[in-house]
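**Q** One structure follows; several queries about it will come next.
The values are calculated or read from the model by the stated rules, or taken from the named source; none is laboratory data. Note that this is a predicted model, so its numbers are computed, not measured. Counting neighbours? That spans all protein chains shown, and the Cβs are built from the backbone with ideal geometry, glycine included. Ligands, DNA and RNA are stripped out before the accessible areas are found, and what is left, the full protein with its side chains, is counted by its heavy atoms. Shrake-Rupley method; radii C 1.70, N 1.55, O 1.52, S 1.80 Å.
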Amino acid sequence: MDSTKGTRVTPMQRIKTMFHRLKQEGRPALIPFITAFDPSLHTTRTLMDVLCGGGADMLELGMPFSDPTADGPIIERAHHRALSSPTTMASLFQMIGQWRTQNTTTPLILMGYANPVLACGMESFFAQAAQHGVDGLILVDVPLEESPPFAALARTHHMALIRLIAPNTEPERLERLLNDADGFVYHVARTGVTGTQLHDKDALTTRLRWVKQRCSLPLVVGFGIKTGHDVAHIARYADGVVVGSALVDIIAQNVDDDGMMKKRIQDKMYELSHALSAQTL
């Protein structure tokens, strides 16, 4: 419930409203990613406010998982730090619900693997997620062919099941993914796992232009985007940019110093948001 206006805001509406507002402002979305519970749920809650205060337009929270096969070493270690203490979806949903009482406008996406959803129970997961203010879900190990049960529950609860597109996704499959997409489309910037550097920016630019012509939903790009320079380059061709490993690495380097962790996250967000503010769609 939007406490300022007394009207209910559905998850899908929050995503649409954000992209519509940014289109009016003429700039792409800055979307930071961190792993929930890394190194504690209290830290995650604190950093969500720091990220929003630093210019985040939407948040992505990783769901801890023991075998994060799509993630590189930086985020893989974040999963393991998170799992070193008790983690439950119920406590994550409760924290998100408390955060939602103070932030009713910033879309929040959960990203991870199918196992936590199945362990929670699919219907229970989607019901709790929507009830506590989650707007969308990215499941990196659920292919299109196995996604209908997830997509049906997401739509029942007005959540977006975000589709991932790889640089080598064939045209015919791309069309099928786009036809079944909700919220926005997440284009992986490179083949391989998260965290590694962007290599061939010219090839990526050509690819993003091609996909953008075929995509009616906002196009968001992630994987391997670390610096203000990266963000500024990608933002010329996308509606949103995801930065994950660069922020998670700061958490890892300051895991015993909350004050320094917050300061360095603030500094990184300033670098990224300053680079993004110079771009227009």
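**Q** Could you please find all residues in segment 231-258 being surrounded by fewer than 20 Cβ atoms within 10 Å (Cβ to Cβ), touching a residue at least 40 places away in the same chain (Cβ under 8 Å) and assigned to a helix (DSSP H, G or I)?
**A** Of everything in segment 231-258, those that are surrounded by fewer than 20 Cβ atoms within 10 Å (Cβ to Cβ), touching a residue at least 40 places away in the same chain (Cβ under 8 Å) and assigned to a helix (DSSP H, G or I) turn out to be A232, D249, A252, D258.
**Q** For segment 266-279, name all the residues that are in contact (Cβ under 8 Å) with a residue 60 or more places away in the chain and either under 16 Å from I75 (Cα atoms) or more than 19 Å from the chain's Cα centre (by Cα) (or both).
**A** Within segment 266-279, S277, Q279 meet the criteria.
**Q** State whether one or more residues within segment 259-270 are among the aliphatic types (A, V, I, L, M), open to solvent by 10 Å² or more (accessible area, probe 1.4 Å) and part of a loop (DSSP other than H, G, I, E, B).
**A** no
**Q** Follow-up question, since we're still on this one. Across segment 26-50, which residue is surrounded by the most Cβ atoms within 10 Å (Cβ to Cβ) among those that are closer than 15 Å to I234 by Cα and hydrophobic (A, V, I, L, M, F, W, C)?
**A** I31
**Q** From the list D257, D249, which one is under 17 Å from the mean Cα position of the chain (by Cα) and charged (D, E, K, R)? Break it down stepwise before answering.
**A** Details: D257 fails: under 17 Å from the mean Cα position of the chain (by Cα).
Step by step, each of D257, D249 is checked, and only D249 is under 17 Å from the mean Cα position of the chain (by Cα) and charged (D, E, K, R).
**Q** Going by the conditions given, is K212 touching a Phe, Trp or Tyr at 6+ places or on another chain (Cβ under 8 Å) and either closer than 26 Å to A181 by Cβ or open to solvent by 10 Å² or more (accessible area, probe 1.4 Å) (or both)? Working first, answer last.
**A** Values: touching a Phe, Trp or Tyr at 6+ places or on another chain (Cβ under 8 Å): yes; either closer than 26 Å to A181 by Cβ or open to solvent by 10 Å² or more (accessible area, probe 1.4 Å) (or both): yes.
Spelling it out, K212 is indeed touching a Phe, Trp or Tyr at 6+ places or on another chain (Cβ under 8 Å) and either closer than 26 Å to A181 by Cβ or open to solvent by 10 Å² or more (accessible area, probe 1.4 Å) (or both).
**Q** Do any strands (runs of 3 or more DSSP E) lying entirely in segment 93-175 carry at least 1 residues that are aliphatic (A, V, I, L, M), surrounded by 15 or more Cβ atoms within 10 Å (Cβ to Cβ) and touching a residue at least 60 places away in the same chain (Cβ under 8 Å), and which ones are they?
**A** Counting at least 1 such residues, we get 108-112, 136-139.
**Q** Could you run through segment 176-191 and say how many residues are farther than 22 Å from M122 by Cβ and either open to solvent by less than 30 Å² (accessible area, probe 1.4 Å) or in contact with a helix residue (DSSP H, G or I) (Cβ under 8 Å, 6 or more places away or on another chain) (or both)?
**A** Result for segment 176-191: 8.
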